[in-house]
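One structure is given here, and the rest of the page talks about it.
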Amino acid sequence: MVKDNSGQVSLEYILIFVVSLIILIVFTMPLVNQSISASMDISDSLKIKSDMSKIAVAIKTVYGEGQGSRQIVNIYSSHPFEVNVESDYLYCDIHLKDRSNKHIEVPSKSNLESTSISLKKGSNVVTVEWPVGGENMLIST
């Protein structure tokens, strides 16, 4: 009578495969999560920079048209953030998922006084105007 050991060999191959797969998952999942987190930070940064560019275009348009002009910009934001306005640029500091900060800056020449506007999560309406007879432009949400 001959004993058949092929069942035991197959079981050993399956066990080696499962252990290898578990080791692979344990080491690759943190790397995948880190990559996804970094990609989301880049995406959020670009979206915020795009929103700030829309505001900068409105500021440039009002500044070019002069007193009595107004521009309204609709912005949908997935995160609340604060835009700081200077006479030569707009900037924003955002917190990334890796607990670091990123400074985003967009050039914008105007006669706006230094101020900041807070954009909430969801829909925002930003108004840029230069009142008739006013010395400086105004920006508000």
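The values are calculated or read from the model by the stated rules, or taken from the named source; none is laboratory data. Since the structure is predicted, the reported quantities are computational estimates derived from the model, not experimental observations. Using ideal geometry, Cβ is built from the backbone for each residue, glycine included, and neighbour counts are taken over all protein chains shown. Heads up: the accessible areas ignore ligands, DNA and RNA and are worked out on the full protein's heavy atoms, side chains in. Shrake-Rupley method; radii C 1.70, N 1.55, O 1.52, S 1.80 Å.
Observations, loosely collected:
- Within the set Tyr91, Tyr76, Tyr63, the sole residue that is in contact with a Lys or Arg (Cβ under 9 Å, 6 or more places away or on another chain), of a type in the set (Phe, Trp, Tyr) and either part of a strand (DSSP E or B) or open to solvent by 60 Å² or more (accessible area, probe 1.4 Å) (or both) turns out to be Tyr63.
- Screening Asp98 against (1) touching a residue at least 40 places away in the same chain (Cβ under 8 Å); (2) more than 15 Å from Thr141 (Cα to Cα); (3) open to solvent by less than 90 Å² (accessible area, probe 1.4 Å) leaves a single unmet condition, (3).
- For Ile48, the criteria (1) surrounded by 14 or more Cβ atoms within 10 Å (Cβ to Cβ); (2) assigned to a strand (DSSP E or B); (3) touching a Phe, Trp or Tyr at 6+ places or on another chain (Cβ under 7 Å) hold in every case but one, which is (2).
- For region 107-132, the tally of residues that are assigned to a strand (DSSP E or B) and within 14 Å of the chain's Cα centre (by Cα) stands at 2.
- Region 101-114, subset among the polar types (S, T, N, Q) and either open to solvent by 40 Å² or more (accessible area, probe 1.4 Å) or at pLDDT 90 or above (or both), residue farthest from Met40 (Cα to Cα): Ser114
- Selection within region 123-138: residues that are in contact with a helix residue (DSSP H, G or I) (Cβ under 9 Å, 6 or more places away or on another chain) and of a type outside the set (Phe, Trp, Tyr). The member of this set that is most open to solvent (accessible area, probe 1.4 Å) is Glu129.
- For Leu119, the conditions (1) open to solvent by less than 20 Å² (accessible area, probe 1.4 Å); (2) at pLDDT below 85; (3) in contact with a strand residue (DSSP E or B) (Cβ under 6 Å, 6 or more places away or on another chain) all hold with the exception of (2).
- Within the option set Ser87, Ser118, Ser69, being touching a Phe, Trp or Tyr at 6+ places or on another chain (Cβ under 7 Å) and touching a residue at least 12 places away in the same chain (Cβ under 8 Å) holds for one residue only, Ser69.
- Asp41 being loosely packed, with under 11 Cβ neighbours inside 10 Å and modelled with pLDDT under 85: no
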